[in-house]
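S.K.: Submitted below is the structure of interest, expressed as structure tokens.
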Amino acid sequence: MQVYIIHGFESNPKRNWFPWLQENLILNNINAFTPTLPNSSTPNVDEWLETLSKECKNIDENTYFVAHSLGCLITLLFLQKINKKIGGIILVSGFSKLVNHLPLLENFTKTSLDYENLIKLSPKRLIIAARDDYIIPLNLTHNLAKNLRASYVEFEKGGHFMQEDGFTKMPLILNTLLYFNKF
């Protein structure tokens, strides 16, 4: 199994729960990588897709993607572009439609997602949301889960699942990946 952890807008591999997850996957003999997406404060969809194309190698049915916020959308766009079957995705605070207060991200939402194909490419799908997410409206994450026919976990309190919200660890994600690795 190999896992790619994809950060989002104004983030990097050293923030939030990403280092903890990568370290704990490696401790469990799972290859884990967290690519640095360029210019995360002024992201460009083409640059991010190009970076993922360079950084994410040997993608197959034993490959999983864990993504956060804008990282969820770029992961889905990347999977749609490469059109290869993977093991699964875990998306945290994801969205696929324009977030009104984040017009800078509009270039990411211009491409329509082929949900039926994404479902075929990724047989295991989990989406995690929080009712009190103050960045991505809950309905956007919920709609993404419905469109992807994904398993859905909704926290009462979680904010945007960042270190500022108290999230430097995500045991749910680690345990889900360890479970997936058994089958």
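We did not get these values from a lab; they are worked out from the coordinates using the rules stated. Note that the structure is a prediction, hence the values are computed from the model and not measured. A quick note on method: Cβ atoms are made from the backbone with ideal geometry, for glycine too, and the neighbour counts reach across all protein chains shown.
S.K.: Please work out the FRET efficiency for the pair residue 152 and residue 132, using the Cβ-Cβ distance as r and a Förster radius of 22 Å; give the result to the nearest 0.05.
M.R.: E(calc), rounded to 0.05, equals 0.85.
S.K.: Set the Förster distance to 25 Å, then compute FRET efficiency between residue 114 and residue 39 from the Cβ-Cβ distance, nearest 0.05.
M.R.: The calculated FRET efficiency here is 0.40.
S.K.: Under a plain spin-label model, where a point goes 7 Å from the Cα along Cα-to-Cβ, how far apart in nm are residue 27 and residue 100?
M.R.: Result for the modelled spin labels: 4.3 nm.
S.K.: Taking the mean number of other Cβ atoms within 10 Å as a proxy for protection, how do you rank 128-138, 24-34, 107-117 from highest to lowest?
M.R.: Order by mean packing, descending: 128-138, 24-34, 107-117.
S.K.: Further question: Taking H placed 1.01 Å from N in the peptide plane, check which residues at least 5 places from residue 5 or on another chain put their amide H under 5 Å from its amide H.
M.R.: 33, 34, 66
S.K.: Right, another one. Scan (1) 21, 19, 17; (2) 34, 17, 12; (3) 44, 17, 15 for the value of semi-axes √(5λ) of the Cα gyration tensor in Å calculated from this model and give just the label.
M.R.: (1)
S.K.: Sorting check: for 94-101, 38-45, which peptide has the highest mean count of neighbouring beta carbons within 10 Å, and how do the rest follow?
M.R.: 94-101, 38-45
S.K.: Another question, then. Rounded to the nearest 500 deg cm²/dmol, what is the calculated helix-only ellipticity per residue at 222 nm for the chain, with -39500 (n - 2.57) per DSSP H run of length n ≥ 4?
M.R.: Computed mean residue ellipticity for the chain: -10500 deg cm²/dmol.
S.K.: Here is a further query. Of 71, 128, 109, which is farthest towards the positive pole of the stretch 2-182's charge dipole, taken about the Cα centre with +1 and -1 on the beta-carbons of Lys, Arg and Asp, Glu respectively?
M.R.: 128
S.K.: Moving to a separate point now. Using Cα centres only, tell me the gap between the stretch 82-148 and the stretch 1-63 in whole Å.
M.R.: Cα centres, the stretch 82-148 to the stretch 1-63: 16 Å.
S.K.: Now for a different question. Have a look at the DSSP beta bridges in the chain and tell me what percent are antiparallel, nearest 5.
M.R.: 0
S.K.: May I pose another question? Suppose a student asked you for the relative contact order of the stretch 2-182, using Cα pairs under 8 Å spaced at least 6 residues apart; what percent would you report?
M.R.: Here the relative contact order equals 23 percent.
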